[in-house]
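Undergrad: Structure provided below as structure tokens; questions to follow.
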Amino acid sequence: MKNILLTLAIAFGLTQITKAQITTCLPCDQLGMSVNVSDTNYLNIYHAGQYLTHPQEFNVFAWEFTDQQGNIIFEDTIVDDEFVSFSHSFPISDTMNVTVYLRNDSAILTDGNIVNCLFEDQIYWEVGVYPSGTPWGRWEFINENVGVDQNVVLAVDDFSYQKKELVKIVDILGRETSFKNNHILFYIYSDGTTERKYISK
């Protein structure tokens, strides 16, 4: 009887451990974002990555909104939330660039890589008229782009040095760069690890 109880206890314990290790996530090219609420001076964007990437509490979204000259309109790093929202005075006659980097070191894709996605698009103020004759306007994405897997773009898995060394620094768009204050930068090391840094001065 003791052996049966011991076997059941071990089996139950292994079942619980196995369930705790299950994570679910979709590849970057199956995730996207949409405008949730918009006004001429307010924007709220929803990102599906929060709902579709588990464990959700480790989802980190680095958002950046810029004008066509690259000037920052708004930026924020949000953890465990599917929305970003802000008020602005951006002219509705211009196009706004939207960039968001989603990373979750605890969510493992089927290829063994972590969730490491970059999303880039543009939004513009679309106008129209309801059948009643009332005019309307809202911010809309131009391309409705999906994410790009940065594990593939940056070839993180290809680095195989014995000692951890800094391989390169890239900006939020994945372009190689040198150190800059007041910018989100990613330090990529020879052992495949990546560190996100933001130093304000």
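What follows is calculated from the coordinates using simple rules that are stated; it is not laboratory data. Computed from a prediction, not measured in an experiment: that's the story for all the values here. Using ideal geometry, Cβ is built from the backbone for each residue, glycine included, and neighbour counts are taken over all protein chains shown.
Undergrad: Return the FRET efficiency for the residue pair Q68, T24: r is the Cβ-Cβ distance, R0 is 45 Å, and the value is rounded to the nearest 0.05.
TA: 0.75
Undergrad: Rg(Cα) of the range 27-66 divided by 2.2 N^0.38 Å?
TA: Ratio of Rg to 2.2 N^0.38 Å for the range 27-66: 1.33.
Undergrad: If r is the Cβ-Cβ distance from I142 to L166 and R0 is 35 Å, what FRET efficiency results, to the nearest 0.05?
TA: The value I calculate is 0.45.
Undergrad: Also, I was wondering about something else. Per the Kirkwood formula on distinct C-alpha pairs, the Rh of the range 28-149 is how many angstrom?
TA: Result for the range 28-149, one decimal place: 15.2 Å.
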